[in-house]
Amino acid sequence: QVQLVESGGGLVQPGGSLRLSCAASGSISSVNVVGWYRQAPGKLREVVALVTGGGNLNLADSVKGRFTLSKDNAKNTLYLQMNSLKPDDTAVYFCYSNIGGRSYWGQGTQVTVSS
């Protein structure tokens, strides 16, 4: 059983930056896939950034050049650095992990981009 706890969300003005963190209760060094999804009001949950255990990165086109995914295996923590934020980035952001074919989700953290 793995628990994921996100933090770092909040209100930011357009053009600003936030860094989301996802602390895992277990090791994330050998997961199949780990990353971030987001869900805006009235929309489906969508991939923001995912990385496989082999290091293959899948980054949504809408965030390329602005968001960076990284992880600290020693701290069992995943990060999403978000720069040049836009109002369209407003959503609840969820940490995600797949370990041995089983999916785990965090509770979500709200990101609001507004002036």
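The values are calculated or read from the model by the stated rules, or taken from the named source; none is laboratory data. Owing to the predicted nature of the structure, the values given are computational and were not obtained by experimental measurement. FYI the Cβ positions are ideal-geometry reconstructions off the backbone, even for glycines, and counts take in every protein chain you see. Remember, those area values only see protein heavy atoms, side chains included, never the ligands or the DNA or RNA. Shrake-Rupley method; radii C 1.70, N 1.55, O 1.52, S 1.80 Å.
Dipole size in debye (nearest 20) for the chain around its Cα centre, Lys and Arg Cβ +1, Asp and Glu Cβ -1?
Here the size comes out at about 40 debye.
Please calculate how many Å² of accessible area the chain carries per residue, with a 1.4 Å probe and no DNA, RNA or ligand atoms counted.
52 Å²
If each of Val33 and Asn83 carries a label point 7 Å out from its Cα toward its Cβ, how far apart are those two points in nm?
Here the answer is 2.7 nm between the modelled labels.
May I ask you to evaluate 6.51 cos²θ - 1.76 cosθ + 1.60, the Karplus curve with θ = phi - 60°, for each residue of region 6-18 and list the ³J(HN,Hα) values in order in whole Hz, giving x for glycine and proline?
Result, ordered by residue: 8, 7, x, x, x, 9, 9, 7, x, x, x, 10, 9 Hz.
Provide, for the chain, the number of lysine pairs with alpha carbons under 24 Å apart, each pair being eight or more places apart or on different chains.
Numbers: Lys43/Lys64; Lys43/Lys86; Lys64/Lys86; Lys71/Lys86.
Lysine pairs meeting both conditions in the chain amount to 4.
Please identify every one of the trypsin sites (Lys or Arg not before Pro) in region 18-115 that sits in a loop by DSSP and has no more than 10 other beta carbons within 10 Å of its own beta carbon.
Answer by residue number: Lys43, Lys64.
For Lys75 and Ala40, FRET efficiency with R0 = 25 Å and r from the beta-carbon atoms, rounded to 0.05?
FRET efficiency, Ala40 to Lys75: 0.30.
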